[in-house]
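Have a look at the structure below, then the notes.
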Amino acid sequence: MADDTHAPVAQATPFPRFIGSEIYRSSSYGAWHPLRVPRVSTVMDLSRAMGWLPAAQFVTSPRAKPAALTGFHTPRYIAALQAAEAAQGVSAETRARHALGTPSNPVFKEMYRRPATSAGASLLAGELLAKGGVIYSPAGGTHHGMPDRANGFCYLNDPVLAIQSLRRNGARRIAYVDIDAHHADGVEHAFVHDPDTLLISVHEANRWPRTGALTDSGAGQVYNLPVPAGLHDDEMALIADALILPLVAGFRPDAIVLQCGADAVLEDPQSRLTLSNNAHWAIVAALRDLSPRYLVLGGGGYNPWSVGRLWTGVWATLQGAEIPDRIPQEAQDVLRALTWETPQKRRTPAPHWITTLRDAPRGGPISEETRSGVQYLMRRARRWV
Ligand SMILES: [Zn+2]
């Protein structure tokens, strides 16, 4: 072990930091890809318009060097991804082997630089959190990336790289919580047998990638809860109170990584879950005090208004800023400038997508499937904790 007797005493980051980049403003996966819409730039613009993002709290994301990605990804895949960006095309062999140049993972101008920037943020977050603190990287959360291939719009797996970086920087026990509508298959692939990485994923049942079964248990630390279409805020509150928070608290993590995908809300086109953004903000707040290090990532989210509003509210929650019922004109202008075209039509935003950040809560009765899933996992947890 290194002798650190004379090392300077690092301080916990005294206030939450936001890691972002301008690369997300102008890059697109292509004309009709779900990730054609602006997301992180909306969050940056809205947060600034609300007065919530002073320069001292903003960190420009570095771009990860290729060698820094090999903690999870194969050198051969990284080289193929860089070559595809340089050539703006792939061979049939590369497409077959690495799933690059497919409808989901297309060739586009920044196809290496953009994910390498999100990965750079996650790697940096682990360093900045060495002595504790709170970091938000809404460009992160690409939880489907696999060691040797792209998967589900994810070219790299920044949550895995974040967990590895946190561990290199002093966190041993790490809790990963994922409330994206899709299962965190790449993260589970990386840590399924690691008893020091608690993995909790809540995702829509019978939806791509169709992994993440209730019965997966890994080394006893994998908790997957597939939930039925129509999941609403009251059910998510039950899942948080009866499953997520007790599991994380019982694990006593040195760090928590929350993947806060925005695709489980009613307005999102990629799932049939019906949460309001209140559900996400409640979980963001509740996890905050359960460990000294807290990294919140983005993830899915394909309606430009709902993802921009939700993720800006995440930053407000981390900041302790009060979200007003009606946002100021300057912030409304950010939302009003967004467009969302589909091959069929140009979508018209609902009025409250422009004038508010907070959705109306969406509650209802608890489904038997959700209740029994939570009970099943907590019975298992009592044997494990
Ligand atoms: Zn998703």
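Okay, residues lined up against (1) assigned to a strand (DSSP E or B); (2) touching a Cys at 6+ places or on another chain (Cβ under 7 Å); (3) surrounded by 17 or more Cβ atoms within 10 Å (Cβ to Cβ):
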position: 140; (1), (2), (3): no, no, yes
position: 156; (1), (2), (3): no, no, yes
position: 171; (1), (2), (3): no, no, yes
position: 180; (1), (2), (3): no, no, yes
position: 198; (1), (2), (3): yes, no, yes
position: 230; (1), (2), (3): no, no, no
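Take residue 290 and decide whether it is touching a Gly at 6+ places or on another chain (Cβ under 6 Å) and more than 11 Å from the ligand (Cβ to nearest atom). Even if it seems obvious, please write down each step before you answer.
Working: touching a Gly at 6+ places or on another chain (Cβ under 6 Å): no; more than 11 Å from the ligand (Cβ to nearest atom): yes.
It is false that residue 290 is touching a Gly at 6+ places or on another chain (Cβ under 6 Å) and more than 11 Å from the ligand (Cβ to nearest atom).
Looking only at the stretch 109-116, decide whether some residue is assigned to a helix (DSSP H, G or I), out of contact with any Cys (no Cβ under 8 Å at 6 or more places or on another chain) and surrounded by fewer than 23 Cβ atoms within 10 Å (Cβ to Cβ).
Looking through the stretch 109-116, at least one residue is assigned to a helix (DSSP H, G or I), out of contact with any Cys (no Cβ under 8 Å at 6 or more places or on another chain) and surrounded by fewer than 23 Cβ atoms within 10 Å (Cβ to Cβ).
Can you list the helices (runs of 4 or more DSSP H) found entirely within the stretch 273-385 that contain at least 2 residues being under 30 Å from residue 167 (Cβ atoms)?
Ranges flagged: 277-288, 304-319, 368-384.
From (1) within 14 Å of the ligand (Cβ to nearest atom); (2) of a type in the set (S, T, N, Q); (3) touching a strand residue (DSSP E or B) at 6+ places or on another chain (Cβ under 8 Å), pick out the condition that doesn't hold for residue 277.
Only one criterion is unmet by residue 277, namely (1).
Return the pairs, sorted by first residue and then second, in which the second residue is crowded, with 18+ Cβ neighbours inside 10 Å and of a type in the set (Lys, Arg), the first residue lies in the stretch 285-298 and is closer than 25 Å to residue 263 by Cβ, the beta carbons are less than 8 Å apart, and the residues are 6+ apart or on different chains.
Cβ pairs passing all conditions: 298/39.
Scan 325, 289, 333, 263 and give me the residue that is surrounded by 20 or more Cβ atoms within 10 Å (Cβ to Cβ), acidic (Asp, Glu) and out of contact with any Lys or Arg (no Cβ under 7 Å at 6 or more places or on another chain). It would help to see each step written out before you state the result.
Working: 325 fails: surrounded by 20 or more Cβ atoms within 10 Å (Cβ to Cβ); 289 fails: surrounded by 20 or more Cβ atoms within 10 Å (Cβ to Cβ); 333 fails: surrounded by 20 or more Cβ atoms within 10 Å (Cβ to Cβ).
Every option except 263 fails the conditions.
Condition check: at negative phi and crowded, with 21+ Cβ neighbours inside 10 Å. Does residue 370 satisfy that?
The answer is yes for residue 370.
Could you figure out which of (1) within 24 Å of residue 127 (Cα to Cα); (2) buried (at least 24 other Cβ atoms within 10 Å of the Cβ); (3) within 16 Å of the ligand (Cβ to nearest atom); (4) not β-branched (Val, Ile, Thr) isn't true of residue 150?
Just one mismatch for residue 150, condition (1).
List the residue pairs whose Cβ atoms are under 8 Å apart, where the first residue sits in the stretch 57-85 and is under 23 Å from residue 136 (Cα atoms), the second is modelled with pLDDT under 95 and surrounded by fewer than 17 Cβ atoms within 10 Å (Cβ to Cβ), and the two are 6 or more positions apart or on different chains.
57/15
Scan the stretch 197-210 and report the pairs whose first residue is at positive phi and touching a residue at least 12 places away in the same chain (Cβ under 8 Å) and whose second residue is part of a strand (DSSP E or B) and within 14 Å of the ligand (Cβ to nearest atom), with Cβ atoms within less than 9 Å and a gap of 6+ or a chain change.
Listed pairs, sorted by first residue: 206/226.
Listed here are the residues, each with its yes/no results for (1) at pLDDT 95 or above; (2) over 21 Å from residue 237 (Cβ atoms).
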site: 339; (1), (2): no, yes
site: 350; (1), (2): yes, yes
site: 354; (1), (2): yes, yes
site: 362; (1), (2): yes, no
site: 369; (1), (2): yes, no
site: 374; (1), (2): yes, no
site: 378; (1), (2): yes, no
site: 382; (1), (2): no, yes
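Pull up the stretch 232-272, narrow it to residues that are within 20 Å of residue 380 (Cα to Cα) and in a loop (DSSP other than H, G, I, E, B), then point me to the one that is nearest to the ligand (Cβ to nearest atom).
The extreme case among them is 253.
If a residue has to be within 16 Å of the ligand (Cβ to nearest atom) and touching a Phe, Trp or Tyr at 6+ places or on another chain (Cβ under 9 Å) to count, how many in the stretch 161-187 make the cut?
Of the residues in that region, 6 qualify.
One residue is enough: does the stretch 210-224 have a residue meeting the conditions assigned to a loop (DSSP other than H, G, I, E, B), of a type in the set (D, E, K, R), over 23 Å from residue 310 (Cβ atoms) and within 16 Å of the ligand (Cβ to nearest atom)?
Within the stretch 210-224 (the criterion being assigned to a loop (DSSP other than H, G, I, E, B), of a type in the set (D, E, K, R), over 23 Å from residue 310 (Cβ atoms) and within 16 Å of the ligand (Cβ to nearest atom)), the answer is yes, since at least one residue qualifies.
Residue 327 is checked against (1) within 16 Å of the ligand (Cβ to nearest atom); (2) more than 15 Å from the chain's Cα centre (by Cα) and fails just one. What number does that condition carry?
Unmet condition: (1).
If residue 53 meets every condition in (1) touching a residue at least 60 places away in the same chain (Cβ under 8 Å); (2) over 21 Å from residue 136 (Cα atoms); (3) part of a loop (DSSP other than H, G, I, E, B) apart from one, which number is that one?
The failed condition is (2).
Please go through (1) touching a helix residue (DSSP H, G or I) at 6+ places or on another chain (Cβ under 8 Å); (2) part of a strand (DSSP E or B); (3) buried (at least 24 other Cβ atoms within 10 Å of the Cβ); (4) not basic (Lys, Arg) for residue 203 and return the number of the only condition it doesn't satisfy.
In the conditions (1) touching a helix residue (DSSP H, G or I) at 6+ places or on another chain (Cβ under 8 Å); (2) part of a strand (DSSP E or B); (3) buried (at least 24 other Cβ atoms within 10 Å of the Cβ); (4) not basic (Lys, Arg), residue 203 misses (1) alone.
Criterion first (more than 30 Å from residue 350 (Cα to Cα) and more than 16 Å from the ligand (Cβ to nearest atom)) does residue 200 satisfy it?
So residue 200 fails the test.
Do we find that residue 279 is at negative phi and buried (at least 16 other Cβ atoms within 10 Å of the Cβ) in this structure?
In short, yes.
The values are calculated or read from the model by the stated rules, or taken from the named source; none is laboratory data. Predicted model only: the values in this text are computed from it and were never measured. Note that each Cβ is placed from the backbone with ideal geometry, even for glycine, and that neighbours are counted across all protein chains shown.
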